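The values are calculated or read from the model by the stated rules, or taken from the named source; none is laboratory data. The structure displayed is predicted, hence computed values, not measured ones. All Cβ positions, glycine included, derive from the backbone under ideal geometry; neighbour counts span all protein chains shown.
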Amino acid sequence: MAISPLIILLLLSITPFLAGIITATADDSGLLMELKSIQSRSPSSVIHLNDNLLRRIVTTKPRSFSIVIFFDAIQLHDKSELHLKSLKSEFNILSDSFTINNQNSPSTLSKLFFCDIEFGESQQSFAQFAVAAVPHIRLLPPDAVNLKSDSIAMDAGDFSRLAESMSEFIESKTRLSIGHIHRPPIVSKMQLGFIIAAFLISLPFMFKKLLAGETLFHHKRFWLSASVFVYFFSVSGTMHNIIRKMPMFISDRNDPSKLVYFYQGSGMQLGAEGFAIGFLYTIVGLLLAFVTHVLVRVKNTTAQRIIMIIAMVVSVWAVRKVVYLDNWKTGYAVHAYLPSSW
């Protein structure tokens with residue numbers, strides 16, 4: 001049976017299109033295999049990029065996966081205010097957690113890769129992304145063509161809570177689940193065993209001191225210091241900082257050489273904010289304790305009045321600072337306490 005010229009023409013017209021799809025799919029598969037190979041050799045499953053590898057990823061069409069890039073600069077690791085080392089460590093923990101949580105789902109692992117790139121090695125890539133300051137993290141979607149306009153940058157607030165907030169950002173943009181963040185234990189098994197052994201050895205001596213009433217817990221100053229510490233711990237939001245992994249401060253996005261200690265907005269609280277408020281509240285608490293337990297025993301009436309006035313002035317100043325910071329941060333003004341019209 002003769003083949004119709006229309007069918008031949010149709011086959012000829014779609015052949016280049018099919019060949020392009022087959023070629024592109026093959027290129028994507030080869031690139032995926034290479035990325036997985038590099039990933040398997042990395043302790044944290046983070047792929048180290050350079051200009052050539054990034055160019056291959058971007059030019060491969062179609063691309064079936066996204067990449068998250070941590071922009072690093074080794075020469076800036078000694079600048080503690082940038083927190084580059086700690087943020088990179090959190091990024092590595094996030095990458096490792098994604099791999100562990102999805103090890104039974106190879107299709108999910110093939111949709112997202114965590115990468116890092118270093119300024120000294122890949123200045124051209126930094127320029128293409130228009131990255132002028134670090135720390136900086138970007139998500140490159142599968143359909144991205146232009147590195148600057150098609151990539152999605154993390155804001156400072158997106159990695160303020162370290163791996164947890166990075167995970168929330170990535171999940172919201174890729175619709176992929178990162179899962180539980182697996183952090184290494186604070187104490188290794190060997191260290192834990194040494195601590196237990198030291199505790200068991202010291203038990204007889206501890207019991208002897210306890211029965212003789214010569215332990216630290218028998219001193220009033222210890223309990224006084226402990227109560228002040230607990231008070232400060234409670235009013236400074238330290239538990240919030242520990243649970244949410246809040247940094248003490250962050251670098252200013254507009255000027256990386258500057259540090260931000262107070263973040264305007266009720267959605268995030270830096271560690272320095274809590275400690276400042278805790279310090280002010282502790283001053284008020286100590287002054288109140290001094291006035292009610294020490295000052296009442298002073299026999300000199302004039303000295304009592306002067307010290308009382310000083311304590312009241314300092315307490316009013318401290319509370320005013322707390323109220324002012326709350327008004328500035330949340331935008332909600334409290335007019336019942338010394339209105340501005342006074």
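Any idea which residue in the range 159-175 is nearest to residue 85 (Cα to Cα), counting only those that are touching a Ser or Thr at 6+ places or on another chain (Cβ under 9 Å) and surrounded by fewer than 16 Cβ atoms within 10 Å (Cβ to Cβ)?
171
Can you find, within the range 44-81, the residue that is nearest to residue 101 (Cα to Cα) among those that are assigned to a loop (DSSP other than H, G, I, E, B) and of a type in the set (D, E, K, R)?
Looking at residues that are assigned to a loop (DSSP other than H, G, I, E, B) and of a type in the set (D, E, K, R), I get 63.
Scan the range 296-315 for residues that are aliphatic (A, V, I, L, M) and modelled with pLDDT of 90 or more and jot them down.
306, 307, 308, 309, 310, 311, 312, 313, 314, listed by residue number.
Cβ-Cβ under 9 Å, sequence separation 6+ or interchain: first residue in the range 223-245 and on the phi > 0 side of the Ramachandran plot, partner of a type in the set (A, V, I, L, M, F, W, C) and outside any helix (DSSP H, G or I). Which pairs?
As it stands, the answer is 237/246; 245/162, since those pairs meet every condition given.
So in the range 207-254, with the set limited to residues that are among the small types (Gly, Ala, Ser) and either modelled with pLDDT under 75 or not in a helix (DSSP H, G or I) (or both), which one is nearest to residue 163 (Cα to Cα)?
251
For the range 102-140, give me each residue that is closer than 15 Å to residue 36 by Cα and part of a helix (DSSP H, G or I).
Across the range 102-140, the qualifying residues are 106, 107, 108, 109.
Give me the pairs, please: first residue somewhere in the range 285-301 and within 19 Å of residue 224 (Cα to Cα), second residue anywhere and part of a helix (DSSP H, G or I) and of a type in the set (Val, Ile, Thr), beta-carbon distance under 6 Å, and either six or more positions apart or on two chains.
Partner pairs satisfying both residue conditions: 295/307.
Taking the residues in the range 59-72 that are surrounded by 19 or more Cβ atoms within 10 Å (Cβ to Cβ) and in contact with a Leu (Cβ under 9 Å, 6 or more places away or on another chain) as candidates, determine which candidate is modelled with the lowest pLDDT.
63
Write out, first by first residue and then by second, each pair whose Cβ atoms fall under 7 Å of each other, whose residues are 6+ apart or on separate chains, and whose first residue, in the range 83-101, is farther than 11 Å from residue 162 by Cα while the second is in a helix (DSSP H, G or I).
Every condition considered, the pairs that remain are 84/76; 99/109.
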